[in-house]
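K.L.:
To start, I am sharing the structure in question, which I have written as C-alpha cells.
Read-outs: derived from the displayed coordinates by stated rules, not from any lab. Quick caveat, the model's predicted, so the values are computed rather than measured. Virtual Cβ from ideal backbone geometry, glycine too; neighbours counted across all protein chains shown.
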C-alpha cells in the first residue's frame, strides 16, 4: 500500500534525499523525459547527486533537453519514478531491478496503481511536469532556462500543444512562466508537433488508405502494420502522434489505432472526445490511461485484435450501438 | 496618412463613439471574427449600438461565437476594421462602401498599410484579438464567457493552437485569463484544429501525392487544384489549415501551397521557419503578411504560378540556392 502525499510532502522528502535515481517510463515521451530532466537539474542545483534512467533509448529529437546532461554512476539511495503509472511501464529490465523499491512516485495518471512507498499524484494536471514544477518551486529552486525548457516540453507534449481538454488555465500559465525564463519554444514546437519526415508522410497515407469505420462513423480504426512501416521507410521516431488521427475525423467518438509490434501482436491506442471514456475501454483489455487517451495490448491476428477492441468499445459505451 | 495610436487612445476613441460598424476581412478566420464579436459584445455592454459586417458568409464552425449575436440595422457613425491589414481585404463590396472611410483600424499585421484615420497596430501580438483584449480591459469592460470565448478563439486560431513562433507568454496568459472566465476550449480546439471531414482527409492525400521539392528539399510545394477539390468532395470549410502542411516536412525552410481559384488562377500561401521570411517572398509578388506566414496571388497556369513563386523565394532568400 502506498501513502498518498502532497506536493509539499514530496518536496520535503526530496530535500532530505541524496544519491537519487530518477526513472522514466519505456517508450519515453516528452513528459516523462521533461519531468525527469527538470527534477534532475533542480536537485543538482541543490548540490545532490542525481541520475536519470530509462529502459529505452531516448529519441534524438529530445537531444535539446538531454544531450548535455552528464549521468554520473553511483549507488542509488532514493528512487523516484516520474510519470510512471505502473512499474510494468519501466520496461522489463528496470522493473525487475527497481520496480519493487520505488520510494517516491510523482505522476498525473488517474490509473496510477500506487506501487511506490509514497505517491504524489495529481490527475487534474495535464502533465507530470506540472506536478514537478510545483515541487521544484516548493523546494525553493530558481527556474533556469534548462529546467524551464524541460517543464515546457512536458506540458506541451502531453497536452497536444495545448489542444487537448487537459490544457487548462494552469497549463497555459505554467508554460508562460517557463517562457519568461527563456524557452526555445519555436524549436520545441516544431520538433515535437510540426516536423514530419517524408517517410512519415508516406506512412500516414498508407494508414489513411486502410481506415475503417463502424457504428455510423462513431468508431474509426486505423492500422499500422510492420509491412506498412517497412514500405514507408518510417523509423521509430516517425511513429509518434499517429494515435490522434482517427479521432480527428468528423463525427468520430472513439478513434482506435492498432499498431503491430515486432512480435506480430498489437498495441492499441484509444482516443475519445466528450462522448466516451478511453480509459474505460482499455481497462476491459487489461490496459489503462486517461479519460481521453488510453492504451492496451491485444495478442492475436489483426482481425482478432480489431474484434477485441471493438467489443470493448461497445461494452464500455453501449450508446455506440445504434440499432 | 494614418495616425498611429496606443491601446489607451483606441479605448478612449471607442468610449466616445456610438452607432459603431465593425468590419471583418473576407475569407473570415477565427481572429477577425473573434476580434469583431468580442469588441461588439464589449461595446454593447457599455450601452452602444454596434454591428459586425463581413464581406463573405461566416463559416458554420464559428456558430458558437456568432450565431446568437443579433445584428441591428442602423446608419454607422464610427467605422472600425479589425484584423484588416489593407482595405482590399474587406472584399470588393465592403471596400467600395467603407474602405476609404475607416475611422479606426485595430490590427497585428506588420504589413498594415495605414489606411484608417487612426491605426492601433501591434505586430508583436499573435492575434488581433490580443490587442482587442487590452482595449476591452482599458475600457473597463468585465470579461464575460462570451467575450472570453471570442478572444480565446482569435488567439488560438492565429497561433496554430499555441504552436507557432508568435505564441509567446502573453498569448498563453491571455488565453488563461479567458479560460478563468469560462471558455469551452475543448470544443473550440476540436472544431478549429482537430476535426477533419472524410473529404478533407481525401483531399490531403491527393495533395500529398503531388508534393514537389526544390533546392535539396528546402522548398516544398503543394498544389490544390479545382479538380482535386471536386474529386475529394471537399467543401470550402474543409480547406482551412492546408498551408502549414508543406513546411511540416523535415528540412523544409519554405513551404508553399498553391490553391487554384474559381477563375483558374492561383492563391499562394507561404510558410517559413527561422531560416526564411515568408512576407519578403510574397511582397515580391504583390502580397504580404507575417514573417512566418504570408500570401499572394499569381495569375497564369499552374506551371507559371509555380515558377513565379519559386523565383520570388530564390530572390528573397539567395541562401536557398546550393551549388
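K.L.:
Can you give the FRET efficiency for residue A:240 and residue A:274, using 1/(1 + (r/R0)^6), R0 = 25 Å, r = Cβ-Cβ distance, to the nearest 0.05?
P.N.:
Values: r = 25 Å, r/R0 = 0.98.
Efficiency computed from Cβ-Cβ geometry: 0.55.
K.L.:
How large is the helix-only mean residue ellipticity at 222 nm for the protein assembly as shown, computed as the sum of -39500 (n - 2.57) over DSSP H runs with n ≥ 4, divided by its residue count, in deg cm²/dmol to the nearest 500? If you can, show how the numbers build up before the last one.
P.N.:
Numbers: 24 runs with 240 residues, N = 646.
Calculated mean residue ellipticity at 222 nm is -11000 deg cm²/dmol.
K.L.:
Residues of the range A:83-127 with the amide nitrogen closer than 13 Å to a label point 7 Å from the Cα of residue A:262, along Cα-to-Cβ, please.
P.N.:
A:92-93
K.L.:
Just tell me how shielded A:17-23 is by partners: mean number of partner chain Cβ atoms within 10 Å of each residue's Cβ, no decimals.
P.N.:
Mean partner shielding for this stretch: 0.
K.L.:
Between the range A:140-172 and the range B:71-115, what's the alpha-carbon centroid distance in Å?
P.N.:
Centre-to-centre (Cα) distance: 38 Å.
K.L.:
Follow-up. If you count, for every residue in A:134-143, the Cβ atoms of partner chains within 10 Å of its Cβ, what is the mean?
P.N.:
Going residue by residue through A:134-143 and averaging, the value is 0.
K.L.:
Starting from the 7 Å offset along Cα-to-Cβ, what nm value, one decimal, do you get for the label separation of residue A:205 and residue B:319?
P.N.:
3.0 nm
K.L.:
Another question, then. Once fully extended, how much extra length lies between residue A:180 and residue A:61, figured as 0.36 nm per residue of separation less the alpha-carbon to alpha-carbon distance?
P.N.:
Using 0.36 nm per residue and subtracting the Cα-Cα distance, I get 40.5 nm.
K.L.:
To the nearest 0.05, what FRET efficiency results for residue B:216 and residue B:74 with a Förster distance of 51 Å applied to their C-beta separation?
P.N.:
0.30
K.L.:
Hey, how many Å between the Cα centroid of the range A:7-52 and the Cα centroid of the range B:234-297?
P.N.:
Answer, in whole Å: 43.
K.L.:
In nm, to one decimal, how far is the modelled label at residue B:144 from the one at residue A:117, with both set 7 Å along Cα→Cβ?
P.N.:
For the pair residue B:144/residue A:117, the computed spacing is 5.6 nm.
K.L.:
Take the Cβ-Cβ distance between residue B:101 and residue B:311 as r, set R0 to 45 Å, and report the resulting FRET efficiency rounded to the nearest 0.05.
P.N.:
0.75
K.L.:
In degrees from 0 to 90, rounded to the nearest 10, what is the angle of the helix B:169-181 Cα long axis to the longest principal axis of chain B?
P.N.:
Here the helix axis deviates by roughly 50 degrees.
K.L.:
While we're on this one: Summarise the partner chain shielding of B:154-167 as one whole number: the mean count of Cβ atoms from other chains within 10 Å of each residue's Cβ. Can you show the working numbers first?
P.N.:
Values: counts 0, 0, 3, 0, 0, 3, 5, 9, 11, 13, 6, 5, 1, 10.
Partner Cβ neighbours, averaged per residue: 5.
K.L.:
Can you tell me which of A:119, A:232, A:35 moves the most in a GNM of chain A? Springs connect C-alpha atoms under 10 Å apart.
P.N.:
With Cα springs under 10 Å in chain A, the top fluctuation among A:119, A:232, A:35 is at A:232.
K.L.:
Which of the peptides B:258-264, B:190-196 is most tightly packed, and how do the rest follow, going by the mean number of other Cβ atoms within 10 Å of each residue?
P.N.:
B:190-196, B:258-264
K.L.:
I'd like the orientation of helix A:145-158 relative to chain A: the angle between its Cα long axis and the longest Cα principal axis, in ° from 0 to 90, rounded to 10.
P.N.:
For A:145-158 against chain A, the angle is about 20 degrees.
K.L.:
Please give the length that would be gained between residue A:124 and residue A:15 if that part of the chain were fully extended, namely 0.36 nm times their separation in residues minus their C-alpha to C-alpha distance (nm, one decimal).
P.N.:
36.8 nm
K.L.:
Rounding to the nearest 10 and keeping the result within 0 to 90°, find how far the Cα-based axis of helix A:30-45 lies from the longest principal axis of chain A.
P.N.:
Value to nearest ten degrees: 0.
K.L.:
If contacts are Cα pairs under 8 angstrom and at least 6 residues apart, what is the relative contact order of the range B:160-223 in percent?
P.N.:
Value for the range B:160-223: 20 percent.
K.L.:
What gaps in nm, shortest first, separate residue A:274 from its twins in the other copies when you place the label 7 Å past Cα toward the beta carbon?
P.N.:
Here the equivalent label points are 3.9 nm apart from this one.
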